[in-house]
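Data block below; observations after.
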Amino acid sequence: MDMTFSELSKSDLELMIVSMRESGLSRNSISSYVRTMNVFLHWCCGEGYTYLTLPKVKDVETVKETYTDEELDLLLRRPAADCQFCEYRNWVIINFLLNSGCRAATVRNIQNRDVNLADCQVTFRHTKNGKVQVIPLCSRMVNVLRGYMAVRGGVAEDYLFCDQYGGMLSHNALRLGIQRYNRRRGVQKTGIHLFRHTFARKYLVDCGGDAFTLQKLLGHSTLTMTKRYCTIFDADIAKNYDRVSPLAQMYHPKEKIKKHNRAS
């Protein structure tokens, strides 16, 4: 139904939220749509078109699914030397996602020139917030990329993770490629974004990283955004707690300086 702003009423906006609920959208999805709509309505208010706004819909905290260590072991097994290029590329991409925790769109837009193996860094020019990021590469990732780039070839402006013809990977091609790769390895989870959640959780829990550094690695402007990736379970907190417990550290035996016998 078409209507002008002068005909739009508060009840019409409330009915829009009701229809989203009835269609089966999750509360967090509705909250996201409402935030976007309110940005538009705020602009309309400034232009004098309307003074209506939508009531905020509070997000609910959800437990984010991640890949298990057993699943990651299967996915990280190096493919056979005579495998097809796409199989090899997907293996490298999964290594890369666990090194950086970046988004699928960022992966697709990395160019050969963005990789600096000598300095163990990669530059992300295409990010969600539009800011250029420089992300470190671990020594393992440097070795993987060195071998891959020798096979991939191309000029500086070519896309690093390309299709089999050297062109830019489409979003759908990347999604389906990872889906097929995972299922061939016996892993039923296929979400690319799950690697981002897995990176965040393992960085904090298994690697002892801190939230502020994670915020920078994920490219978030606030810690509130980072928190969505950091659902920590009771079992996670108990894991290796001696390493971070102030009490355990107080009782940790301190080494004495060994007596040094000077030569006569």
Checklist entry - Are any residues in segment 24-69 modelled with pLDDT of 85 or more, closer than 30 Å to ASN95 by Cβ and of a type outside the set (D, E, K, R), and if so, which ones? => result THR66, TYR67, THR68
Next on the checklist: One residue is enough: does segment 156-167 have a residue meeting the conditions in the same structural domain as VAL107 (by TED's automatic domain parsing), under 15 Å from the mean Cα position of the chain (by Cα) and without any contact (Cβ under 8 Å) to a residue 12 or more places away in the chain?
Outcome noted: no
Next on the checklist: I need the helices (runs of 4 or more DSSP H) fully contained in segment 153-226, keeping only those with at least 3 residues that are of a type in the set (D, E, K, R) and surrounded by 11 or more Cβ atoms within 10 Å (Cβ to Cβ).
Outcome noted: 171-184, 193-205
Checklist entry - Could we say that THR127 is surrounded by fewer than 18 Cβ atoms within 10 Å (Cβ to Cβ), farther than 23 Å from ASN182 by Cα, touching a residue at least 40 places away in the same chain (Cβ under 8 Å) and polar (S, T, N, Q) here? => result yes
Checklist entry - In this structure, does ILE17 turn out to be touching a helix residue (DSSP H, G or I) at 6+ places or on another chain (Cβ under 6 Å), surrounded by 12 or more Cβ atoms within 10 Å (Cβ to Cβ) and either within 27 Å of MET225 (Cα to Cα) or not aromatic (Phe, Trp, Tyr) (or both)? => result no
Next on the checklist: Please verify whether VAL134 is at pLDDT below 95, out of contact with any helix residue (DSSP H, G or I) (no Cβ under 7 Å at 6 or more places or on another chain) and either surrounded by 11 or more Cβ atoms within 10 Å (Cβ to Cβ) or more than 23 Å from ARG77 (Cβ to Cβ) (or both), treating the condition exactly as stated.
Outcome noted: yes
Checklist entry - For THR127, which of the numbered conditions (1) hydroxyl-bearing (Ser, Thr, Tyr); (2) under 24 Å from LEU217 (Cα atoms); (3) in a helix (DSSP H, G or I) fails to hold? => result (3)
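Quick grid of which residues meet (1) exposed (fewer than 15 other Cβ atoms within 10 Å of the Cβ); (2) over 28 Å from THR190 (Cα atoms):
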position	(1), (2)
THR4	yes, yes
THR53	no, yes
GLU65	yes, no
THR68	yes, no
CYS86	no, no
Item to check | Extreme residue, surrounded by the most Cβ atoms within 10 Å (Cβ to Cβ), among residues of segment 88-120 that are under 18 Å from LEU217 (Cβ atoms) and free of Cβ contacts under 8 Å to residues at least 40 places away in the same chain | outcome: THR106
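The values are calculated or read from the model by the stated rules, or taken from the named source; none is laboratory data. Every value quoted in this text rests on a predicted model; they were computed, and no experiment measured them. As a convention, Cβ positions derive from the backbone with ideal geometry for all residues, glycine included, and neighbour counts pool all protein chains shown.
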